[in-house]
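Q: Provided herewith is a single structure, encoded as structure tokens, for subsequent inquiry.
The values are calculated or read from the model by the stated rules, or taken from the named source; none is laboratory data. This is a predicted model, so every value here is computed, not measured. Note: areas computed on protein heavy atoms with side chains; ligands, DNA, RNA excluded. Shrake-Rupley method; radii C 1.70, N 1.55, O 1.52, S 1.80 Å.
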Amino acid sequence: MQPTPETIARVKEVIDAWSNPAEVAAFALKRRGFGDSNGGFGVVYPHSLDEYQREVEGMFIPDGHVELYGFWGPAHGGYEFLVAEKLYLAILADYLQSLGRVDEADSLRLQAEGIG
């Protein structure tokens with residue numbers, strides 16, 4: 001299934017909210033989430049959820065996916081959604097490629113290939 005233009009735009013918005021694209025690439029290569037304090041944009045990996053988030057808040061992120069959020073999530077008029085990690089990495093790699101960061105883009109594409 002192809003991602004919608006809105007999904008692609010929101011993924012790019014979350015990526016672009018972080019001021020340093022090299023750091024976003026490094027986070028993705030380490031499978032580490034991030035969140036900014038300006039507009040409340042970020043990425044959460046399944047292994048990043050703590051016991052409270054899982055048991056009390058009922059949060060669940062399936063393996064092979066990441067949760068992206070913007071504007072502090074739906075409770076504050078923003079959004080949050082799940083996307084396949086491979087898609088997130090592909091969009092991030094394309095974005096980095098457009099900035100001339102070819103090595104990082106290639107590394108992300110290799111990582112995406114290794115995801116089941």
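Q: What is the extension gain from L99 to E23, computed as 0.36 nm multiplied by their sequence separation minus the C-alpha to C-alpha distance, in nm to one decimal?
A: Details: separation 76, 0.36 × 76 = 27.36 nm, distance 1.37 nm.
Length difference between fully extended and current span is 26.0 nm.
Q: With every protein chain left in place and a probe of 1.4 Å, what is the accessible surface of V102, to the nearest 10 Å²?
A: 60 Å²
Q: Using 0.36 nm times the number of residues separating F60 and R32, minus their current alpha carbon distance, what extension gain do you get?
A: Details: separation 28, 0.36 × 28 = 10.08 nm, distance 1.65 nm.
Fully extending the segment from F60 to R32 adds 8.4 nm.
Q: Here is a follow-up. Keeping every protein chain present and rolling a 1.4 Å probe, give me the accessible area per residue for the chain in Å². Let's see the in-between values first.
A: Working: 6720 Å² over 116 residues.
That works out to 58 Å² per residue.
Q: While we're looking at this one, here's another question. Answer rounded, prolate or oblate for the stretch 1-84, using the Cα gyration tensor with square roots of eigenvalues a ≥ b ≥ c: rounded when a/c is under 1.5, else prolate when a/b is larger than b/c, else oblate.
A: On the way: a/c = 1.28, a/b = 1.22, b/c = 1.05.
Since a/c stays below 1.5, the shape of the stretch 1-84 is classed as rounded.
Q: So, with a 1.4 angstrom probe, what is the percent of accessible area on the chain that is carbon and sulfur?
A: Values: 3470 of 6720 Å².
Whole-percent figure for carbon plus sulfur exposure: 52.
Q: Quickly estimate the mean residue ellipticity at 222 nm for the chain, helices only: each DSSP H run with n ≥ 4 gives -39500 (n - 2.57), and the total goes over all residues, rounded to 500.
A: Details: 5 runs with 53 residues, N = 116.
That comes out to -13500 deg cm²/dmol.
Q: What percent does the relative contact order of the chain come to when contacts are Cα pairs within less than 8 Å and at least six residues apart?
A: 22 percent
Q: Just subtract the alpha-carbon distance of A75 and Q53 from 0.36 nm times their residue separation and send over the number in nm, one decimal. Before the final figure, lay out the partial values.
A: Details: separation 22, 0.36 × 22 = 7.92 nm, distance 1.55 nm.
The span from A75 to Q53 would gain 6.4 nm if fully extended.
Q: Could you tell me whether the stretch 43-116 comes out rounded, prolate or oblate from its Cα gyration tensor? Rule is a ≥ b ≥ c as square roots of the eigenvalues, rounded for a/c under 1.5, then prolate if a/b exceeds b/c, otherwise oblate. Write down the numbers at each step before the final one.
A: Values: a/c = 3.21, a/b = 1.70, b/c = 1.89.
Oblate.
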